[in-house]
Each structure stands twice: as structure tokens, then as C-alpha cells.
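Quick notes on the structure that follows.
The values are calculated or read from the model by the stated rules, or taken from the named source; none is laboratory data. In this text, all values refer to a predicted model and were calculated from it rather than measured experimentally. Positions of Cβ are backbone-derived with ideal geometry, glycine not excepted, and every protein chain shown enters the neighbour counts.
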Ligand SMILES: Nc1ncnc2c1ncn2[C@@H]1O[C@H](COP(=O)(O)OP(=O)(O)OP(=O)(O)O)[C@@H](O)[C@H]1O
Ligand SMILES: [Mg+2]
């Protein structure tokens, strides 16, 4: 997980950002807003307190304009990371098959291609690697045209853990980690955004 804190005021956001260290990201937190970007509720790569103050006011204004009735719990202040490849891992409860695990590449272009694989939980190590190898854009993870390979072991471990979570908590109807940012081989992966439906 990335370092992040919920802030309920501008002062608190400033204090949290200082603790986390710039650059930071801020995101609206509301039970009524699932896609935060669509309502202008996400600001990336904020470099200092001045910019944070401006952007904090901006996202509250954006959200108020787009969704005047939404309940606002606060603003999430999160560390900003760069350099990873965006992937998606998830879980869906199928009424007939039980928990289904999902894996795919992220980012707006790849998401549009719907290049994802599914597998019934539970999976073990081999199943996790198979899922990852099954996507059509697997080459992008292996390292394409001189790019370094991504940390596929880290993705496999996340999928295995998600599988275990699904088996332990059948009440999870849906879980989406989008994106799971994957770094170079050996450098792991980080959850940037997640939501869960119980
Ligand atoms: N902490 C971060 N560091 C770097 N990039 C980030 C960070 N948080 C978000 N992003 C970028 O911004 C995008 C949108 O952020 P996020 O997923 O939190 O919003 P969202 O509205 O929930 O999006 P979606 O509806 O697609 O899930 C991410 O896919 C990622 O590219
Ligand atoms: Mg998201």
C-alpha cells in the first residue's frame, strides 16, 4: 500500500502532506463517487504546500459542481509514485462458480482493449503465473524493446494473496485494485487505488 491519510480539512491535508513528503496526490473520498477522476476528484504530482492548497480547493469545487448531493468524507493525501507499469487485479463473486480472479494490464489504452484473464479461486503459484502469461500484452511485462522486465513475481504473489482473501471472506462480492503499479523485477508492486463491495 502507498502511504496515505484521510484529511478532513485543508490544514490537515497540509500537515499530512508534510509527513508523507512531497510530491503527493490528493483524491476525493466519498461513498457516492466510484470514479474519482471523472468528477475532477484526483490531482497528481503536487509539489509543494502552495500547490496543495490550490488543488485542495479545486477538487472540492469540482466535486461540488459535478455531484452536488455527494457526501464528502474528506480528501485522501497519498504519496506520488512514478515509473511503474499499471496493472489491474480483481475479484468478482460469480453466483455459480464462486470467486473469480481477474488480471490485466491497466492504463487507459490497454483498458480499452479489455486484455484480461479470469480464473476460479483458489489458485496457487502455478495458476497465478499462468494467468499473467495468458494476457495478449504479456510481452509488455517481459520487457519489450530494451525495456527492463517487470516484477512478475510480485504480481503472482498479489494474485495468490487475493485468492486466499476470496476464500477466507466469501462476503466479498467485488474487489478491484486499479492500478496495481508494478516496478522493475525485484522492486515489487504497490496498490494505488482499491475498492471493495461487500
Ligand atoms: N499515488 C499515485 N501515484 C502515481 N499515480 C497515481 C497515484 N494515484 C493515482 N495515480 C494515477 O491516476 C489514475 C487515477 O487514479 P485512481 O485510480 O485513484 O482514480 P479513479 O477515479 O478511481 O480511477 P478508476 O475509476 O479508473 O479506478 C491512476 O490510474 C494512476 O495512473
Ligand atoms: Mg482507480
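Selection over the range 21-32 of residues that are away from ligand 2 (no atom under 13 Å from the Cβ) and surrounded by fewer than 20 Cβ atoms within 10 Å (Cβ to Cβ) gives a count of 6.
Residues that are more than 16 Å from ligand 2 (Cβ to nearest atom) and in contact with a helix residue (DSSP H, G or I) (Cβ under 9 Å, 6 or more places away or on another chain) within the range 97-114 comprise 98, 99, 100, 101, listed in sequence order.
Anything in the range 33-44 that is more than 13 Å from ligand 2 (Cβ to nearest atom) and either more than 18 Å from the chain's Cα centre (by Cα) or closer than 16 Å to residue 5 by Cα (or both)? List them, or say none. Within the range 33-44, 43 is the sole residue that qualifies. Residue check: is residue 89 crowded, with 17+ Cβ neighbours inside 10 Å, within 14 Å of ligand 2 (Cβ to nearest atom), within 20 Å of the chain's Cα centre (by Cα) and assigned by TED's automatic domain parsing to the domain that holds residue 112? Yes, satisfied.
Residues are listed down the side, and each one gets a yes or a no for (1) more than 9 Å from ligand 1 (Cβ to nearest atom); (2) modelled with pLDDT under 95:
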{"residue": "21", "(1), (2)": "yes, no"}
{"residue": "64", "(1), (2)": "yes, no"}
{"residue": "72", "(1), (2)": "yes, no"}
{"residue": "76", "(1), (2)": "no, no"}
{"residue": "96", "(1), (2)": "yes, yes"}
{"residue": "99", "(1), (2)": "yes, no"}
{"residue": "109", "(1), (2)": "yes, yes"}
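Residue-wise test of (1) assigned by TED's automatic domain parsing to the domain that holds residue 95; (2) under 17 Å from residue 86 (Cβ atoms); (3) more than 14 Å from the chain's Cα centre (by Cα).
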residue	(1), (2), (3)
150	yes, yes, yes
167	yes, no, yes
173	yes, no, yes
177	yes, yes, no
